[in-house]
Amino acid sequence: MTRTGKAAVYEAPNTPFVIREYPVRPAKSGEVLVRVRMSTICRSDIHSYEGRRPNPCPGILGHEIIGTIVELGEGVEKDMRGDPLDVGDRITWSEYFHHGDCYYGEVHDMPQKCHGIRKYGHDLVAEDPHFLGGFAEYCYILPGTWILKLPDDLSDEEATPINCGIATMASVTEAAEIGLGDTVVIQGLGLLGLYGCAMAKARGAKLVIGLDSVADRLGVATKFGADYLLDVSRMKSSDVVSSVRVVCKPDGADAVIEVCGAPEVIPQGLQMLRIGGRYVLGGLVNPDANVTIDANILVKKWITLRGIHNYHPRHLIQALDFVMTNRKRFPFKEIVDSKFALGELDVAFKKAAERSVLRAAIVP
Ligand SMILES: [Zn+2]
């Protein structure tokens, strides 16, 4: 008898998801077949759904996933740390995979930017092995993916965002070079921003300032280490800058991190920095993020401006270890604040898009 599994298929932008069944075949050499335990809706899933970035359809969206191993293909015995893998183990895995030679991976140590890299949640569902996204009962983990076993005492809610949001913030906060005693501004307090606050604190920041225009998020951010919060919804741009600068003694912030996806905040962020400050952009993942800046500020203030996209495999390990080390200090479990069945994906996307939930989880 052939095994089948259900998937919520993304047929086209802005149209309802359709539940369909596809065959589940045995895992081939180098593959792992998992039963999806939980998938969370990332902001980039919403961008795809709204047609704001290209994504093949019909397909299965979702790349923030954890699962339980159903079948290990030949040759898959250990996770990226060398821990043995068995059927029944709960795992997370890199949101991207790539195999073969790669100029960026080998020469520049940027495997996350290899040409031909593929990401989960970005394939056509009609093609074998069908299940390559999170909003489905099964997922195949293909060769070239980094797999990491999850500790038993970690909840699904804490574990699911590790392979996208949390690992990305490990990469972003590393690039921002946050150190002991730093003052750090986080522009945007969605999941990335909340982890950004917590990681900045864990890396030794003295003062973390969170900015958002959604009042509810500001309250949540205090639990994740933000010391000072500004509701920027009704503030003039110049007032946002002066309010930040007045608490960043003596001459502005050491680092600013953009994770709100709004290019218009960049001129503000530049003005918040001290001379020699660092600015890391992590949220502008869509094309046409146009903005006008006075580049003279970059020169005169010796600003380091960096964009970060995806993460290195080391950041996946760091993300898991960060959550394990800090889960008593910060209530990570509360970030995944709503759960939906596979058939409720439309409702879940609607709530996530309108930001009435922080991180919506699908339990297929
Ligand atoms: Zn994501």
Taking the stretch 22-45 and keeping only residues that are within 16 Å of the ligand (Cβ to nearest atom), hydrophobic (A, V, I, L, M, F, W, C) and outside any loop (DSSP other than H, G, I, E, B), one is left with Val36, Met38
Could we say that Pro54 is away from the ligand (no atom under 16 Å from the Cβ), free of Cβ contacts under 8 Å to residues at least 60 places away in the same chain, under 24 Å from Thr145 (Cα atoms) and assigned to a loop (DSSP other than H, G, I, E, B) here? no
Search the stretch 72-107 for residues being among the hydroxyl-bearing types (Ser, Thr, Tyr) and over 28 Å from Ala361 (Cα atoms), and hand back the single one that is nearest to the ligand (Cβ to nearest atom). Tyr104
Just name the residue that is farthest from the ligand (Cβ to nearest atom) out of those in the stretch 58-71 that are assigned to a loop (DSSP other than H, G, I, E, B) and either out of contact with any Asp or Glu (no Cβ under 7 Å at 6 or more places or on another chain) or open to solvent by less than 50 Å² (accessible area, probe 1.4 Å) (or both). Ile60
Give me the residue from the stretch 160-175 that is in a helix (DSSP H, G or I) and near the ligand (Cβ under 10 Å from one of its atoms) and, out of that set, surrounded by the fewest Cβ atoms within 10 Å (Cβ to Cβ). Gly165
Based on this model, can you work out whether Ile19 counts as within 16 Å of the ligand (Cβ to nearest atom), modelled with pLDDT of 95 or more, more than 14 Å from His122 (Cβ to Cβ) and not in a loop (DSSP other than H, G, I, E, B)? no
Can we say Asp123 is within 16 Å of the ligand (Cβ to nearest atom), more than 28 Å from Asp337 (Cβ to Cβ) and of a type in the set (Asp, Glu)? yes
Residue count, the stretch 231-253 (criterion: under 23 Å from Met169 (Cβ atoms), open to solvent by less than 20 Å² (accessible area, probe 1.4 Å) and not in a loop (DSSP other than H, G, I, E, B)): 3
Return a yes/no flag: does the stretch 176-195 have any residue that is away from the ligand (no atom under 16 Å from the Cβ), in a loop (DSSP other than H, G, I, E, B) and touching a Ser or Thr at 6+ places or on another chain (Cβ under 7 Å). no
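The values are calculated or read from the model by the stated rules, or taken from the named source; none is laboratory data. These numbers come from a predicted model, not from an experiment. When we count neighbours, we look across all protein chains shown, and the Cβ atoms used for this are built from the backbone with ideal geometry, even at glycine. Ligands, DNA and RNA are stripped out before the accessible areas are found, and what is left, the full protein with its side chains, is counted by its heavy atoms. Shrake-Rupley method; radii C 1.70, N 1.55, O 1.52, S 1.80 Å.
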